[in-house]
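The values are calculated or read from the model by the stated rules, or taken from the named source; none is laboratory data. Note that the structure is predicted; figures quoted are calculated from it, not measured. With ideal geometry, Cβ positions are generated from the backbone for all residues, glycine too; neighbour counts draw on all protein chains shown. The area values use the complete protein model at the heavy-atom level, side chains included, leaving out ligands, DNA and RNA. Shrake-Rupley method; radii C 1.70, N 1.55, O 1.52, S 1.80 Å.
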Amino acid sequence: PREVARILLQCARARLNGIVRLLDESSELVIAFLEGVVVGASDNLREQLLGEMLWKQGRLTTEQMRALNQRMAEKGERFFEAV
(Lines give C-alpha, C1' and ligand atoms only; values in the text may rest on other atoms or scores of the structure.)
Protein backbone atom coordinates (compact mmCIF):
# COMPACT_ATOMS: atom_id res chain seq x y z
CA PRO A 1 0.00 0.00 0.00
CA ARG A 2 2.80 2.45 0.72
CA GLU A 3 4.40 1.84 -2.66
CA VAL A 4 1.09 2.50 -4.41
CA ALA A 5 0.55 5.69 -2.40
CA ARG A 6 4.08 6.83 -3.27
CA ILE A 7 3.48 6.18 -6.97
CA LEU A 8 0.18 8.08 -6.95
CA LEU A 9 1.79 11.03 -5.16
CA GLN A 10 4.62 11.11 -7.72
CA CYS A 11 2.06 11.12 -10.54
CA ALA A 12 0.23 14.04 -8.97
CA ARG A 13 3.42 16.03 -8.31
CA ALA A 14 4.64 15.42 -11.88
CA ARG A 15 1.24 16.55 -13.24
CA LEU A 16 1.05 13.32 -15.21
CA ASN A 17 -1.06 13.03 -18.33
CA GLY A 18 -1.64 9.36 -19.06
CA ILE A 19 -2.47 6.01 -17.60
CA VAL A 20 -0.82 4.13 -14.76
CA ARG A 21 -1.30 0.37 -14.66
CA LEU A 22 -0.53 -1.38 -11.37
CA LEU A 23 -0.25 -5.17 -11.48
CA ASP A 24 0.13 -7.58 -8.59
CA GLU A 25 -0.15 -11.25 -9.54
CA SER A 26 -3.63 -11.43 -11.07
CA SER A 27 -4.86 -8.11 -9.67
CA GLU A 28 -4.86 -5.08 -11.94
CA LEU A 29 -5.63 -1.43 -11.20
CA VAL A 30 -5.66 1.13 -14.03
CA ILE A 31 -5.75 4.85 -13.19
CA ALA A 32 -6.08 7.67 -15.73
CA PHE A 33 -4.50 11.05 -14.95
CA LEU A 34 -4.95 14.48 -16.51
CA GLU A 35 -2.42 17.04 -15.29
CA GLY A 36 -1.87 15.01 -12.14
CA VAL A 37 -5.57 14.64 -11.28
CA VAL A 38 -7.28 11.25 -11.34
CA VAL A 39 -9.99 11.33 -14.00
CA GLY A 40 -10.82 7.63 -14.22
CA ALA A 41 -9.99 4.21 -12.88
CA SER A 42 -10.87 0.56 -13.25
CA ASP A 43 -9.85 -2.68 -11.62
CA ASN A 44 -10.51 -6.39 -11.81
CA LEU A 45 -10.75 -6.85 -8.06
CA ARG A 46 -14.53 -7.21 -7.97
CA GLU A 47 -14.35 -10.03 -10.49
CA GLN A 48 -11.69 -11.86 -8.49
CA LEU A 49 -13.67 -11.42 -5.29
CA LEU A 50 -16.78 -12.82 -6.97
CA GLY A 51 -14.90 -15.94 -8.06
CA GLU A 52 -13.45 -16.42 -4.59
CA MET A 53 -16.85 -15.82 -3.00
CA LEU A 54 -18.53 -18.41 -5.24
CA TRP A 55 -15.73 -20.88 -4.48
CA LYS A 56 -16.02 -20.36 -0.72
CA GLN A 57 -19.79 -20.82 -0.91
CA GLY A 58 -19.26 -24.13 -2.70
CA ARG A 59 -20.90 -22.94 -5.92
CA LEU A 60 -17.66 -23.49 -7.83
CA THR A 61 -15.35 -26.44 -7.27
CA THR A 62 -11.60 -26.12 -7.04
CA GLU A 63 -11.30 -27.77 -10.45
CA GLN A 64 -13.78 -25.29 -11.95
CA MET A 65 -11.82 -22.37 -10.48
CA ARG A 66 -8.58 -23.75 -11.94
CA ALA A 67 -10.23 -24.13 -15.34
CA LEU A 68 -11.64 -20.59 -15.17
CA ASN A 69 -8.29 -19.11 -14.15
CA GLN A 70 -6.53 -20.98 -16.95
CA ARG A 71 -9.11 -19.86 -19.52
CA MET A 72 -8.85 -16.22 -18.37
CA ALA A 73 -5.05 -16.37 -18.62
CA GLU A 74 -5.01 -18.03 -22.03
CA LYS A 75 -7.80 -16.10 -23.74
CA GLY A 76 -7.60 -12.82 -21.84
CA GLU A 77 -11.24 -13.14 -20.86
CA ARG A 78 -12.76 -11.51 -17.84
CA PHE A 79 -14.36 -13.64 -15.13
CA PHE A 80 -17.90 -13.15 -16.40
CA GLU A 81 -16.89 -14.04 -19.95
CA ALA A 82 -15.09 -17.17 -18.81
CA VAL A 83 -18.02 -18.38 -16.74
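Of the residues making up the stretch 44-76, those that are within 23 Å of residue 31 (Cβ to Cβ) and of a type in the set (D, E, K, R) number 2.
I'd like to verify a number: residues in the stretch 1-37 that are of a type outside the set (S, T, N, Q) and free of Cβ contacts under 8 Å to residues at least 12 places away in the same chain, how many? Counting residues in the stretch 1-37 that are of a type outside the set (S, T, N, Q) and free of Cβ contacts under 8 Å to residues at least 12 places away in the same chain gives 10.
Kindly indicate whether any position in the stretch 41-58 is charged (D, E, K, R), free of Cβ contacts under 8 Å to residues at least 60 places away in the same chain and in contact with a strand residue (DSSP E or B) (Cβ under 9 Å, 6 or more places away or on another chain). Checking the stretch 41-58: at least one residue is charged (D, E, K, R), free of Cβ contacts under 8 Å to residues at least 60 places away in the same chain and in contact with a strand residue (DSSP E or B) (Cβ under 9 Å, 6 or more places away or on another chain).
Checking each residue in the stretch 24-83 for being open to solvent by 60 Å² or more (accessible area, probe 1.4 Å) and among the β-branched types (Val, Ile, Thr) picks out 37, 38, 39, 61, 62, 83.
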